[in-house]
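Novice: Quick one: the structure is below, questions incoming.
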Amino acid sequence: MNAAGTLGFAPDVRSDIAPESFGAFVTNPISVRPRRAAKGPRLFKFPGGVLLHTGHPNPGLSSAIKNYAAAWARSPLPIIVHLLSAKVEDLHKALPLIEELENVLAIELGIDAEITEAEIKELAVTASGELPLIIQLGLHRAAELAEAAMEGGAAAISLGPPRGTLPAAGKLVSGRLYGPAQFPAALAAVVELAKNGVPVIAAGGVETQAQGEAMLAAGAMAVQIDIALWKSGSIATI
């Protein structure tokens, strides 16, 4: 499946990527309230990939449902709504809105990079409802937080991009790291999590069919592709 933030908020029938290539479609990250894009440049290249500093711009959950619910309902792929982590009280309002949508397979909850084990468990307990809950954990903290996520009721975890910092235009810019440099660490995380019995959706630097198969052989239940989808002809190599 695609990773959140790579193919938009709903499947595009005009895309070169055939729906049968995937088992599910993951939406762009959606927050309970609207978010604006980060100011200034948002993509920075480095030898092992790219750093993205976007701010997760989106129209907010209510507007996203209004704009995309019909497209989700008629999609040939089941939809996984990627919901950015929110306060517990916000989740109580958001979950019923998502649970009543047609053709939504699961909720993937994006977690703040600085979250504690206690906080993640509380969010997982709150977000566990009618739909299976996937909690996306940053690659650099997945092993640390997976147990708390599962204890809170998550059906699985997915690996999210680690964070990093690059110098740019005389200042330091922090953001999410993507690209082939992430693959060895991602594969190692899958091995460790699978060994501990954690259902894990792999992601991180997967750009070829062989890499995807290696993730599955290591114990991943599924694989997400991120910025490889932006490369020309990438779907033919995955």
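The values are calculated or read from the model by the stated rules, or taken from the named source; none is laboratory data. Nothing here was measured: the structure is a model prediction, and the numbers come from that model. FYI the Cβ positions are ideal-geometry reconstructions off the backbone, even for glycines, and counts take in every protein chain you see.
Novice: Pull up the stretch 208-229, narrow it to residues that are more than 16 Å from the chain's Cα centre (by Cα) and modelled with pLDDT under 95, then point me to the one that is nearest to residue 5 (Cα to Cα).
Specialist: 208
Novice: Within the set of pairs 6 or more residues apart or between chains, which connect a residue that is without any contact (Cβ under 8 Å) to a residue 40 or more places away in the chain inside the stretch 78-96 to a residue that is of a type in the set (D, E, K, R) with Cβ atoms less than 7 Å apart?
Specialist: Pairs that qualify, where the first residue is without any contact (Cβ under 8 Å) to a residue 40 or more places away in the chain and the partner is of a type in the set (D, E, K, R), are 85/112; 88/122.
Novice: On to the next question. Looking at the stretch 193-203 only, could you name the residues that are more than 21 Å from residue 26 (Cα to Cα) and surrounded by 16 or more Cβ atoms within 10 Å (Cβ to Cβ)?
Specialist: 193, 194
For every residue, the table says whether it meets (1) in a helix (DSSP H, G or I); (2) buried (at least 17 other Cβ atoms within 10 Å of the Cβ); (3) of a type in the set (S, T, N, Q).
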residue	(1), (2), (3)
63	yes, no, yes
67	yes, no, yes
76	no, no, no
89	yes, no, no
106	no, yes, no
114	no, no, no
120	yes, yes, no
124	yes, yes, no
131	no, yes, no
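Novice: Another question, if that's okay. Is the stretch 46-59 home to any residue that is within 24 Å of residue 204 (Cβ to Cβ) and touching a helix residue (DSSP H, G or I) at 6+ places or on another chain (Cβ under 6 Å)?
Specialist: yes
Novice: Counting only residues that are of a type in the set (A, V, I, L, M) and over 10 Å from residue 225 (Cα atoms), which one in the stretch 1-21 is modelled with the highest pLDDT?
Specialist: 10
Yes or no, residue by residue, for (1) out of contact with any Ser or Thr (no Cβ under 6 Å at 6 or more places or on another chain); (2) over 19 Å from residue 46 (Cβ atoms); (3) among the basic types (Lys, Arg); (4) in a helix (DSSP H, G or I):
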site: 137; (1), (2), (3), (4): yes, yes, no, no
site: 154; (1), (2), (3), (4): yes, yes, no, no
site: 186; (1), (2), (3), (4): yes, no, no, yes
site: 193; (1), (2), (3), (4): yes, yes, no, yes
site: 198; (1), (2), (3), (4): yes, yes, no, no
site: 216; (1), (2), (3), (4): yes, yes, no, yes
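Novice: Report whether or not residue 228 is among the small types (Gly, Ala, Ser), within 19 Å of residue 112 (Cα to Cα), part of a helix (DSSP H, G or I) and touching a residue at least 12 places away in the same chain (Cβ under 8 Å).
Specialist: Answer is no for this residue.
Novice: Run residue 50 past the list (1) in contact with a Pro (Cβ under 8 Å, 6 or more places away or on another chain); (2) part of a strand (DSSP E or B); (3) over 17 Å from residue 106 (Cβ atoms); (4) not acidic (Asp, Glu) and report the number of the one that doesn't hold.
Specialist: (1)
Novice: Another question, then. Out of all the residues in the stretch 91-104, which are surrounded by fewer than 15 Cβ atoms within 10 Å (Cβ to Cβ) and either under 24 Å from residue 116 (Cα atoms) or out of contact with any Leu (no Cβ under 8 Å at 6 or more places or on another chain) (or both)?
Specialist: Hits for the stretch 91-104 are 92, 93, 96, 100, 102.
Novice: Follow-up question, since we're still on this one. If residue 14 meets every condition in (1) in contact with a strand residue (DSSP E or B) (Cβ under 9 Å, 6 or more places away or on another chain); (2) more than 24 Å from residue 205 (Cα to Cα); (3) not in a helix (DSSP H, G or I) apart from one, which number is that one?
Specialist: (1)
Novice: Residue 38 fails exactly one of the following numbered conditions: (1) surrounded by 19 or more Cβ atoms within 10 Å (Cβ to Cβ); (2) aliphatic (A, V, I, L, M); (3) over 29 Å from residue 132 (Cα atoms). What is the number of that condition?
Specialist: (1)
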